[in-house]
Amino acid sequence: MRNIALDTVDATPRPVLAIGTDYRYGAQLPPHTHRRAQFLYGMTGLMEVETADGAWVVPPHAGVWIPAGARHAVRMVGVATRSLYIEPAAAPRPAAVCEVLTVSPLLHQLLLSAAELPALYDQAGREGALIGLILHELAAAPVLPVFAPLPPDPRLGALCREILRAPDIRIRPDDIARRLAMSPRSFTRFFRSQTGLSFGAWRRQACLMAALSRLAAGQAVTTVALDLGYDSPAAFSTMVRRLLGRPPSALAGNV
């Protein structure tokens, strides 16, 4: 199925529905929910996803797992998607929060094929077997570390959103502690209790997500590295390679 609204087929008695959608560059989907769980795969381009739990950037060759009922907003940067909408009882992943998953070459081909299926596909034949294999592949897909959790505390959450809009690896935890009228030690404990990460690790994730967006939009590696406050492109490249297993040059221009 291509370029159709989910609500026109949501009641179809099938555990999984596959829909392909083409979005204009920069399209924004306002906060919304689905009754079904969703696996949102961008065949091209890059997606930025935000929920109450945090923010994700979804690079090419990856997709985002969205549990049933999870409220989310998405910004599309040159994206054609292949989405799966999965009944909660058939969900292959137990996570209660969104996850960015690596899409293997096999899963990529399966998702392309699934988008050609009708809503009432034959569950007992090849079409049902195709859907079953997709669910197995989703269950086994590794998680990519491109997530910055948003703290529930309103003041800290507002500061974190501010950093996400303009991340810089040089932002010091002492500066954030001062803005919250906290001692550095109290801030360190508070930040970890709110996000599960140290401030340094969270700041690195924020920079990584911004880097992916800018590289996908065609900005030069050196420009991105210096804008994010890294001392050199080499230091920036080391960070990206350590977290994603690929150099920044392999991510540039993938829109």
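We did not get these values from a lab; they are worked out from the coordinates using the rules stated. Predicted model, so just to flag it, every value in this text is computed and none were measured. Note: ideal-geometry Cβ built from the backbone for every residue, glycine included; neighbour counts use all protein chains shown.
What the table shows:
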| read-out | value |
| --- | --- |
| Odd one out for A95 among (1) in contact with a strand residue (DSSP E or B) (Cβ under 6 Å, 6 or more places away or on another chain); (2) assigned to a loop (DSSP other than H, G, I, E, B); (3) surrounded by fewer than 16 Cβ atoms within 10 Å (Cβ to Cβ) | (1) |
| Subset of the range 77-92 [over 20 Å from D10 (Cα atoms), crowded, with 18+ Cβ neighbours inside 10 Å and either free of Cβ contacts under 8 Å to residues at least 24 places away in the same chain or in contact with a strand residue (DSSP E or B) (Cβ under 6 Å, 6 or more places away or on another chain) (or both)] | V77, V79 |
| Residue ranges of helices (runs of 4 or more DSSP H) in the range 177-255 with at least 2 members aliphatic (A, V, I, L, M), over 24 Å from E50 (Cβ atoms) and within 22 Å of the chain's Cα centre (by Cα) | 221-227 |
| Qualifying residue in the range 108-128 (condition: over 23 Å from T51 (Cβ atoms), in a helix (DSSP H, G or I) and under 17 Å from the mean Cα position of the chain (by Cα)) | yes |
| The listed residue being touching a residue at least 60 places away in the same chain (Cβ under 8 Å) and not hydrophobic (A, V, I, L, M, F, W, C), out of P184, P154, P145, P105 | P145 |
